[in-house]
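Trainee: Before anything else, here's the structure in question.
What follows draws every value from the coordinates through simple rules; no lab data is involved. Given the structure is predicted, the values throughout are model-derived calculations rather than measurements. Ideal geometry is used to build each Cβ from the backbone, glycine not excepted, and the neighbour counts take in all protein chains shown.
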């Protein structure tokens, strides 16, 4: 092959564009032998430093996002605690007021008002829980039955029978 066949100067304007820096290295003598390797090594170190900087920036961005989420979660937890405490306080004050009203109506027997109000509240709470559990159990059972009815309908549409209609003698 002729020596100038792959010479960069044969590419015209490319020497002034993308290859200009490399041609300067060749002109300074840095592009030959061990000097070229040292130059390449320096470029790799620079690239590695840029990669570490990029990774560090991404890590810091992730850390910042996690911290921000943790702060918002803490604020939400405090707000929820305040809301729950407010509801509990309002409930206690309402029950105390009702108990005192009943106690005065019974002839200044506050203990009776507290007993009636507290016991009544516990009974109402228990009745509400029993009703809620019963309703949920009924709903869950209906959903399960409907699920299996849909499966049986799909089997009948696909195979002409469902699992409950299939004779046990067939394999």
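Trainee: Expected output is a single nm value to one decimal: the length gained when fully extending between residue 129 and residue 40, i.e. 0.36 nm times separation in residues minus the C-alpha distance. What is it?
Mentor: 24.5 nm
Trainee: Considering the Cα trace of segment 111-171, what is its radius of gyration and what is Dmax, both in angstroms?
Mentor: Rg then Dmax for segment 111-171, in Å: 23.5, 74.
Trainee: At a Förster radius of 30 Å, what calculated FRET efficiency corresponds to the Cβ-Cβ distance of residue 60 and residue 139, to the nearest 0.05?
Mentor: For R0 = 30 Å, the calculated efficiency reads 0.05.
Trainee: Let me ask you something else. Could you run the Debye sum over the Cα atoms of segment 46-171, one equal point scatterer each and no solvent, and tell me log10 of I(q)/I(0) at q = 0.15, 0.16, 0.17, 0.23 Å⁻¹, two decimals?
Mentor: -0.92, -0.98, -1.03, -1.18
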